[in-house]
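Structure, as structure tokens:
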Amino acid sequence: METWTEIFADLDWSPLLISLKTGAVATVISFFLGIFAARKAVKASSGKKAVLDGILTLPMVLPPTVAGFFLLLLFSRRRPLGSFLYETFDFKVVQTWLGCVIAATVIAFPLMYRNARAAFEQIDVNLVYAGRTLGMSETQIFWKVVIPSAGPGIASGTVLTFARALGEYGATSMLAGNIPGKTGTISQKIAMVIQDGDYLTAGIWVAVVIVIALAIIILMNLIAGKRMKTVKRW
């Protein structure tokens, strides 16, 4: 018992805090961007939808290191965009926590987008027509009719997005590096301690990630279940 107490007392909890902050911010950004993109995709023609869907889903099928490579090329201070952001706004993306957020957002965004789009496509169009008949604006219909109706799908997308952002490793390592206390996330910590042969510490961090993931999934399912109407099973 004393051994476990000493292990937890000596454990550096900064990777957990960095991962939670990164996951939370990336989820919020992906939530709004994913809903916006899904709305545009649903209303687009079949040809435009295919192209848009391919571009927005690409980070999900690419290896994370490939996505990280493109992000590194894009935001490096040796490149036009990276140099412009640094010289004009003093924004440095590479080797910073901002890089963690951007990498996690890019990798997790497709999950939010695809879940939101699938949820929007399953909405009964008669609900939209009813809202228009009642004199509601398109914005009111979207937030008061479409979003609540697509709630379970959006909630699932949010959970998956947070879980993916929380566990992102490849793109984050490429763009933000592994700076302890600054950009060192749980995934990077696990990889680092395994390389050092410290399987005990790695096991502790794995257990922490599993507990967090299960807690979030159960909580979101409970929230989504309360909002859904009770359906009689056949």
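The values are calculated or read from the model by the stated rules, or taken from the named source; none is laboratory data. Bear in mind the structure is a predicted one, so any value in this text is a computation, not a measurement. All Cβ positions, glycine included, derive from the backbone under ideal geometry; neighbour counts span all protein chains shown. In case anyone asks, the SASA skips ligands and DNA or RNA and just uses the protein heavy atoms, side chains included. Shrake-Rupley method; radii C 1.70, N 1.55, O 1.52, S 1.80 Å.
Numbers below:
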{"read-out": "Residue within the stretch 76-96 that is under 23 Å from Gly167 (Cβ atoms), part of a helix (DSSP H, G or I) and of a type in the set (Phe, Trp, Tyr) present", "value": "no"}
{"read-out": "Check on Ala202, hydrophobic (A, V, I, L, M, F, W, C), crowded, with 17+ Cβ neighbours inside 10 Å and over 19 Å from Val25 (Cα atoms)", "value": "yes"}
{"read-out": "The stretch 41-59, residues that are in contact with a Leu (Cβ under 7 Å, 6 or more places away or on another chain) and without any contact (Cβ under 8 Å) to a residue 40 or more places away in the chain", "value": "Ala44"}
{"read-out": "Sole residue being more than 12 Å from Ile18 (Cβ to Cβ), of a type outside the set (D, E, K, R) and at pLDDT below 85, chosen from Thr201, Thr161", "value": "Thr201"}
{"read-out": "Total residues in the stretch 29-64, condition at pLDDT 90 or above, open to solvent by 40 Å² or more (accessible area, probe 1.4 Å) and polar (S, T, N, Q)", "value": "0"}
{"read-out": "Test: residue in the stretch 86-104 that is among the charged types (D, E, K, R) and either closer than 24 Å to Phe36 by Cα or touching a residue at least 40 places away in the same chain (Cβ under 8 Å) (or both)", "value": "no"}
{"read-out": "Test: residue in the stretch 58-65 that is closer than 26 Å to Lys21 by Cα, part of a helix (DSSP H, G or I) and more than 16 Å from the chain's Cα centre (by Cα)", "value": "yes"}
{"read-out": "Which listed residue is modelled with pLDDT under 85 and crowded, with 16+ Cβ neighbours inside 10 Å, from Gly68, Gly23, Gly82", "value": "Gly82"}
{"read-out": "Number of the condition not met by Phe36 [criteria: (1) within 30 Å of Gly167 (Cα to Cα); (2) of a type outside the set (Ser, Thr, Tyr); (3) in contact (Cβ under 8 Å) with a residue 24 or more places away in the chain]", "value": "(3)"}
